[in-house]
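The values are calculated or read from the model by the stated rules, or taken from the named source; none is laboratory data. Treat the numbers as computed from the prediction; the structure is a model and nothing was measured. Counting neighbours? That spans all protein chains shown, and the Cβs are built from the backbone with ideal geometry, glycine included. For accessibility, only protein heavy atoms count, side chains too; no ligands or nucleic acids. Shrake-Rupley method; radii C 1.70, N 1.55, O 1.52, S 1.80 Å.
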Amino acid sequence: MTQISRDDVQHLAQLSSLALGDDEIDSLRADIENILGYVEQLGGLDTSGVEPTYQVTDLENVWRDDTIDDYGIDRAALIALAPDSMADQIKVPKVL
Amino acid sequence: MSTIADFINKNARQNVLDALAKAKDNESYHALLSLTEARALERADAVDRGEITGRLAGVPFVVKDNFLAYGAPTTAASKMLESFNAPLQATAVEKLEAEGAICIGKANLDAFAHGGSTENSAFGPTKNAIDQTRVAGGSSGGSAVVTALDIVPFALGSDTGGSIRQPASFNGVVGVKPTYGTVSRYGVVAMASSTDTIGTFATNAADAALIMDIISGRDSKDMTTLPDFFATITEAPAPLKIGLIKEFMSPEVDQDVRDRVNEYADKLKTAGHQIDDVSLPIVSLTLAMYYIIVPAEISSNLARYDGIRYGRRSQGVQTLAQLYGRSRDEGFVTENKRRIMIGSYVLSSGFFDAYYLQAQKARTLLINEFNELFKTYDVLIGPVAPTPAFLLGENTGDPIKMYLADIMTVPASLAGLPAISVPAGTSTAGLPIGVQLMGQRRSDAMLLSLAESMEQK
């Protein structure tokens, strides 16, 4: 069974953009190890020559006209949803 | 319990006031996160003035709080979206409003619909409509409970792996998870795009069919929607070949659950249908497939919650990386984080083939087994869940135990099949038990007509 370390949890948290608190790391470590242990039973299934499922609709090539549709949504209403904005732009902390 | 017809041709304002009063009387169940009182009354008055007409004119309803709707925030029961005011409405809500229905509130759920008990709501659990010491089921627990408590005659939910069917079973109402692609998901908070479906709770099969007829159909805003195929069937179906899935009736399944399902099968037989025991051998592995594929899709879909464009933004951060990490840590509940991280694991290089690809291949084998059975059988039946509603707190310490409650609902989800939960009596302790009817893709209306034909039997 896959062993998951605290470092593995930290790595997964980083991949997931989650700044986990120290208190959560241990319980998540155990949970993730148990869940992976459970789903690993699939490894014993013979799937040689089987195509993976890509989708479950029977639709193919859904086309639409290449026209602009604003979906009836107002730009100002969307900007207003941002936690911080200035001069009709969304404001973020310094990137570089 | 009341039906939709009980609200038609009545004073709409009175309908809404009655529903709001019932909602307030039943606050102890915590089924609703908000009421859309002001907007509901405005719309009711417009119905009463004859400005809004339609098949549901003046009928109050509730939507799960992962549907974008006006009149109250859309929280997905999370701190992430605690004060998110939707700039648009879900297509399903728009279609109901176009028929004159009136949304009176937003129902509780597991945060981002991750869970099977509504205990993962960031705002506290919903209690079972029959026994307040027990769970509502989930993730659409609030929608099931408002229907069972007769606050409204129907409520919308979403079902990704059983989130409509299981709470319907736990609270004794009808729950419909349609064929994948039947109802537009535009304006509904995405969880796992390859299995997310929109459906309804109702007090009877005919009402459920009416709602599905209204909300289904192709939507250019959701490219996975199918051309409209849903057409209500009013006559009882001709004798059908029905398979009872024997893997769902093993001794580990609660005795009362097996007894009620067997009784329902006997009633189907008495009604002239043929019932055979059938086998779906791969079913024991479907939960493992589900808990690889769905977390993978969750990790992708929930990447959008970055604290930048909308939703929670952590305060006092210096860098962009801190902003992402802290906002997401504060905005998600533990189950959200668990699923996102499992998804990151199974999709990461080196593990992708062994987990995600293997699960998608196994999914093909599951679909093949279903297709094989549907060569002979029109309908497959079995329980909805292995037990009636469990106690609040009973499974919260053990994610695997919680996941096992989904074992009978995930197969139809992974295969994109329609599946409905219909009340089949109660346990010896008086807890509701549902039976699950599954059919081929696009057989939704037939399943509902079969359920309707059995209601008086």
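Specify, per residue and in Å³, the volume enclosed by the convex hull of the alpha carbon atoms belonging to region B:165-236.
98
From Cα pairs below 8 angstrom and at least 6 apart in sequence, can you work out the relative contact order of chain B, rounded to a whole percent?
Once normalised by length, the contact order is 18 percent.
Take the cross-link list B:LYS269/B:LYS457; B:LYS106/B:LYS127; A:LYS94/B:LYS79 and give me the ones stretching past 21 Å between alpha-carbons.
A:LYS94/B:LYS79
Over region B:336-457, what relative contact order in percent results from Cα pairs under 8 Å that are six or more residues apart?
Here the relative contact order equals 23 percent.
Suppose we look only past 26 Å in the calculated P(r) of region B:1-134. What percent of the Cα-Cα pairs does that tail hold?
23
Of B:VAL135, B:ASN108, B:PRO87, which is farthest along the charge dipole of region B:13-144 in the positive direction, counting Lys and Arg as +1 and Asp and Glu as -1 at C-beta?
Working it through, the farthest residue towards the positive pole turns out to be B:VAL135.
So for region B:371-456, what percent of the C-alpha to C-alpha distances run longer than 17 Å?
55
Sum up the charges of everything whose Cβ sits under 15 Å from the Cβ of B:ASP378, counting Lys and Arg as +1 and Asp and Glu as -1, but leave B:ASP378 out.
It works out to a net charge of +2.
Excluding residues on the same chain fewer than 8 positions from B:LYS375, give the lysines whose Cα lies under 17 Å from its Cα.
Partners within reach: B:LYS241.
Which of A:ALA87, A:SER27, B:ALA321 sits farthest toward the positive end of the charge dipole of the protein assembly as shown, with +1 on the Cβ of Lys and Arg and -1 on the Cβ of Asp and Glu?
A:ALA87
Solvent-accessible area per residue for the protein assembly as shown at a 1.4 Å probe radius, Å²?
Using a 1.4 Å probe on heavy atoms only, each residue of the protein assembly as shown averages 38 Å².
Rounded to the nearest 100 Å², what is the sum over both chains of accessible area buried where A meets B, with a probe of 1.4 Å?
The summed interface area works out to 5000 Å².
Please state the equivalent ellipsoid semi-axes for region B:306-438: what are the square roots of 5 times the Cα gyration tensor eigenvalues, largest first, in whole Å?
So the three semi-axes of region B:306-438 are 37, 24, 13 Å.
Given the convex hull over the Cα atoms of region B:72-203, what projected area results after averaging over all orientations, in nm²?
Directional mean of the projected Cα hull area for region B:72-203 stands at 7.3 nm².
Counting only DSSP beta bridges with both residues in chain B, tell me the antiparallel percent, nearest 5.
65
Taking the alpha-carbon set of chain B, what are its Rg and Dmax in Å?
Reported Rg and Dmax, both Å: 20.8, 70.
Select from region B:302-339 all residues whose loss of accessible area on going from the chain by itself to the full protein assembly reaches 30 Å² or more (probe 1.4 Å).
B:ILE308, B:ARG309, B:ARG313, B:LEU320, B:GLY325, B:ARG328, B:ASP329, B:THR334, B:LYS337, B:ARG338
Would region B:287-339 count as rounded, prolate or oblate if I go by the C-alpha gyration tensor, calling it rounded below 1.5 in a/c and otherwise prolate when a/b exceeds b/c, oblate otherwise?
Note, shape of region B:287-339 comes out prolate.
Compute the Rg/Rh shape ratio of chain A: radius of gyration over Kirkwood radius, all on alpha-carbon atoms.
My calculation puts Rg/Rh at 1.16.
Roughly speaking, to the nearest percent, how much of chain B's 1.4 Å accessible area is carbon and sulfur?
Carbon-and-sulfur percentage of accessible area, whole number: 50.
For every helix of n ≥ 4 consecutive DSSP H residues, a contribution of -39,500 (n - 2.57) applies; sum these over the protein assembly as shown, divide by its total residues, and give [θ] at 222 nm rounded to the nearest 500 deg cm²/dmol.
Helices in the protein assembly as shown give a 222 nm mean residue ellipticity of -10500 deg cm²/dmol.
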